[in-house]
Structures are given as structure tokens and as C-alpha cells.
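Since every read-out is calculated from the coordinates, none of them should be taken as a lab result. All values derive from a computational prediction rather than experimental measurement. Cβ: placed from backbone, ideal geometry, glycine included. Neighbour counts: every protein chain shown.
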Amino acid sequence: MKIKCLRAFCYVCLLLLSPSSLQAKSPSNEKVLRYAFPIAETGFDPAQLSDLYSRIVTSNIFDALYGYDYLARPIKVRPNVAVGMPVISDDFRTYTVKIKPGIYFADDPAFGGKKRELTAQDFVYSYKRIFDPKTKSPSYGDLEAAKLLGMDELRRAAEKPGASFNYDKEAEGLRALDRYTLQFKLQETRPRFIFFLADASVRGALAREVVEKYGDKIMEHPVGTGPFKLHQWTRSSKMTFVRNPNFREEFYDAEPAADDDHAQAIYQQMKGKRLPMVDRIEISIIEENQPRWLSFLNGDQDLLERLPNAFAYQAIPNNRLAPNLVKKQISMKRVPSPDVTLTYFNMEDPIVGGYTPDKVALRRAIALAYNTDEEIRLPRRNQAIPAQGPIQPGAYGYDPKFKTEMSDFDRARAAALLDMFGYIDRDGDGWRDLPDGKPLLLKYSTTPDAASRELNEVWKKNMAAAGIRIEFKIGKWPEHLKAARAGKLMMWGLGQGADYPDGADALGQGYGPEKGEGNLARFENAEFDQLYQKQLLMPDGPERLATMQQAVKIMVAYMPYKFSTHRILTDMTQPRLLGYRRNQFAREFWKYVDIDTSKLPH
């Protein structure tokens, strides 16, 4: 601990003694966007990713068929590399997409010195990789639920002992009709399938020869058709990206709402400019809040994504920008985040897992003993609201009036449940034991940053008040994710952002076939799975909302997750950063911003 504190202190001193040192390294005519991630990346292969920060990167390297209008609110899907919107059958089971010709991948040795054009077959191959069991894609559950004809058969064949995925076998549901035409055929009605086609972070197009050249190292060798390409990478420390010289001719265009003054001002400033506008992106990994905050204040970062809660009272007192920041011409924007913070229980863990009444009672008691309001008031500095389930604000299915037991804090009820099912102190040491007399010890995985330590204190205090021992397993986020997918963590606290503006994405956290992938809790419930599948087929409306809420109630009853809060996010920008506006679904924002080099510090 002393060594960590010393390192943090030295880092802060360097920042204070070397103002704007990072900015000074680049030529004045080069436009460089610099900012920091609070959590390390895991890699750059879209099919293998589930963490937000790696997906921000891949969104800017790879292309999906569709994307989201950067300024439009409510969220609007628009063509990216597709020619217009898809041709959709009346029953929402066939989607046909044309791809623009003349789009090229970034140069790579895998192409043998030749320019490599993007084709429909590249999307077929990239989607098939998600179905390949060897890839272990967290996105598999989403596509499996879409019921692409013939794809389940290909996956089952690949799951047989000694078998491998047959990428050359055609499936009726995923075909390239010609060089530039792609067709999806679905077993069932899917009115919102367009959302699956609009996320470059996990469903961007890769070239088969690149994947085959780099094999297991593909996470380190991203080669896409997007606006940027990887230039340098020091794992968990720093990443640098530069313009992709092969990026197509594309110009700034958007459809901001007429009454959205902020979006209209950005549009008037940017419309018609060729994309991308910046030359270089430099991302540092600064896990501790204070060094990241000071780095921004010192001018070394152009953007502070997600103001750390620890500095909310001094940076935005009463949720308004502090006078000292106003003088620096720093701008801020607060938005409700379409995310949910959660703690999952491993349903296969011998202590907290299981479906018998005593195991369900333990998880519900832990949830009731946890004071969500205290979390919001203290570590989150009132920058969050209580969550009632997995569905995030901004996603279809979220209802601010919907109330469940999820946010209840009731130590008396928690104690009654624990006593009723035999979780009592049997040896007189002051801590509750398991019904069989063995120690009851919760092992909570967490990260070493200051924000996590504050959250851990809330957990420790509340569990102690309930007579439950808890210890914290400190580790890096990517390491926890790997262990979580393998079912090796008992409990883990993390955040889950919406991949697309529909609550089905969040409900997927409880969907059985996504166990160990999107469903980190490894929850399995036949009734829940049926409701999940049912709502996928339904058009938006009261009946679908009721079905989604019934599914949420099942998750609350079994408590595989303790959903805690929906965060309110505050982003800050230096005056030299132009055009920035948070869009949770358009993660490829790098190409939409500009740097005013005349405002760089000298």
C-alpha cells in the first residue's frame, strides 16, 4: 500500500511540475486527442470483447453495417458502410443489405501488399466467428437469440469432440448474395434486428486472412476499415492510434433535434467537414481518480470522460461548474447514463449459488442488508439513482415508476431470512455461519482504485451490520473478467452499459444460453428464458413492456444480481476540444471531434 501511495504521489508531482508536457510533444500542426481510460483494455478483437473501454477502441477501428446519428436524440440508426437502410420483409424475418463499394481495410502484411476491399463475405465471416465456440464470444447470446437460420447447426457441429467450425459451409440465415449484398434470414420475427447490425465494437467486419495470419494473437492486431488504426500499444498503460490512410471519403452529417440547442450548435460548427478531423488519438490508462483528475486540470488531457465521483462536490457544486473551471473555459455536460451498476453472485458457487430456498434466501438477505442509498450518498456523491432491475435509462423497457424489492434496504427482513434458513452464529464468534456449521464468508472481487475502495467500505459496513463476513479479492479488471467468464469468482461488482437502445440487451444478463458470456452470474431459469424469447418477437407496446417486467421480477426473486444504481455522468472538455457530445451508442466519437490547435498551451 505504501508503494502504491508513493507511486501516485510521484505521478501527481510530475504532473504539477511539468504542465502540459504531453501536449508539448507533438508538432503544433498535428491534431491530437488525448484522454484517459480508468480501466485497462482487454484487447481489440470485436468478437471476444464485452468491456466498455476495449469496445470504444474497436468502434473506431472497425465498421458495422449501420451506426447511430451522433447528434440525434432520441437515438436514430443510420447507414454506415451500408447503402441506405435494409430491405426488410413484412414479417421482419429477412433483412437484405447492400454494401458500398470502394471501402478498403487498413494496410497489413496479411494482404500481401495489395489493397483489400471490404465485401459482404467479410461480414458473413465476422458474424460466423461469434458463433464459433472457440472464440467464446460474449456476443453469442445476442446473435443466438436472433435465430439466424442454419447457424445453430453450424455451432452444434463445431461443439462435437475434435470438431472445428466450418466457415466455408453456407447457412441460409447468413449469406453473401453477391460481392456487395448481404442477407440475413431469421427463424422468427425480429422487429429490432437492425440494432444487431449497428455496433462496430463487437460486430465490425474483419478480414479472414488477417484472423488466420495472427491466430490467437488477433486481440493484438486489429485491422479494420474504420477511421483509425492502432499505431503503438503498451498493454494497460498507453495506446496510440493514427488516421487510417485508406479511410473512405466521408463528411460530417447529422440530424439534431430542432429544439436541441447544444446539438444544433455543434452541427453548425462541424457540418460538411471531412472525417476524421483529428490526426492522432493518445489514450493513457490512469486507474486512480486523483491522478486522472489532476492530469485533466493540468491540461494534459483534452477530455475527462466520467468525472470521478470523489471530485463532484468541488468540480460541480450543486451540479453546476465550479467558478475556477469556468475561468479556464472548461465545459461540462451531465447526462443520465444508460448503464447499471451491479454485483453478481456466481450461481454455481457452493456458498452463494444454487436455487434451493436457503440459497435464494441468502442472496436476497444480502441484497436487503445492502444500503443502496448510502452508496449513492457517499461514494457516488449523489451522482446516481437507485436501480430496480437490469434495464437502463434510455433503453426501451425502462420505467422510472416500476418498483421492485431490488432497491429495498431492510436489515430486519434480512436478519429474519437468515435466521429462518439457519444462517446463524453457531460458534459464538459474532459472525453468521452456514446452515451446516461451516463459516459463511463472502469473497468479493474488486479493483485497486480509490473509487472501488469507497464502494468496498459500504459493502463491508453493511455486511458487518448483518453479521456476515466479507473479504475483498483485489485484481485487475481484465483478469477478473477472464475469471468471471470461467465461473471462478464468487461475487464481482461492475457496471453494465446498454449495447443498444432496447431493454432486451440488459435482460440478456439472465438468459441461460449466455451463461458465462453476457450472463456472468450463470443464471438459468426456464420461465425467464421463455419470457426473454417471447419479448424478442413482440412489437413495442404495453404487452411487451409487461413481459419484460415479468422477466425482471424473476431476476429479483432469485437475485442472481444485486442491481444497485444507474449513474449520472459528467464529462468535461478543454476549450480546444470541439464537437464533443456523449452518445452512449455511437462509441466511434473520435471521428466526430476536432482540436483547435490555436488553443493549445505553449
For this session: Report, in debye and to the nearest 20, how large the dipole of the chain comes out about its Cα centre when Lys and Arg carry +1 and Asp and Glu carry -1 on their Cβ.
Result: 1320
Seminar exercise, completed: the stretch 472-502 and the stretch 102-171 have their Cα centres apart by a whole-number Å value of 25
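Using per-residue counts of other Cβ atoms within 10 Å, averaged over each peptide, order 317-328, 552-563 from highest down.
Values: 317-328: 11.8, 552-563: 22.7.
Ranked by mean Cβ neighbours within 10 Å, highest first: 552-563, 317-328.
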Exercise. Expressed as a rounded percentage, what relative contact order does the stretch 46-225 have, with Cα pairs under 8 Å and six or more residues apart?
Worked result: 34
Exercise. Could you give the dipole magnitude of the stretch 446-602 about its Cα centre, charging the beta-carbon of Lys and Arg +1 and that of Asp and Glu -1, in debye to the nearest 20?
Worked result: 560
Seminar exercise, completed: For the stretch 415-469 the trypsin sites (Lys or Arg not before Pro) that pass both the DSSP coil test and the at-most-10 other-Cβ-within-10 Å test are none
For this session: May I ask you to derive the FRET efficiency for residue 420 and residue 377 from their Cβ-Cβ distance with R0 = 30 Å, giving the value to the nearest 0.05?
Result: 0.45
Exercise. Normalised by the number of residues in the stretch 456-602, what is the relative contact order in percent for Cα pairs under 8 Å and 6+ residues apart?
Worked result: 14
Exercise. If you place +1 on the Cβ of every Lys and Arg, -1 on the Cβ of every Asp and Glu, and leave all else neutral, what size is the dipole of the stretch 339-568 about its Cα centre, to the nearest 20 Debye?
Worked result: 420
Seminar exercise, completed: Rounded to the nearest 500, the 222 nm mean residue ellipticity computed for the chain from DSSP H runs (n ≥ 4, each -39500 (n - 2.57)) alone is -8500 deg cm²/dmol
Seminar exercise, completed: Heads up, the stretch 46-225 by the C-alpha gyration tensor (a ≥ b ≥ c square roots of eigenvalues; a/c under 1.5 rounded, else a/b over b/c prolate, else oblate) looks rounded
Problem set entry | Global form of the chain, assessed from the alpha-carbon gyration tensor, a/c cut-off 1.5 | oblate
Problem set entry | Entries in 100/128; 359/443; 169/213; 134/229; 114/217 that, when Cα-Cα distance is taken, lie over 19 Å | 100/128; 169/213; 134/229; 114/217
For this session: Return a whole-number percent for the relative contact order of the chain, with Cα pairs under 8 Å and 6 or more residues apart as the contact set.
Result: 20
Exercise. In a Debye calculation with equal point scatterers on the alpha-carbon sites of the stretch 339-568 and no solvent, what is log10 I(q)/I(0) at q = 0.17 Å⁻¹?
Worked result: -1.29
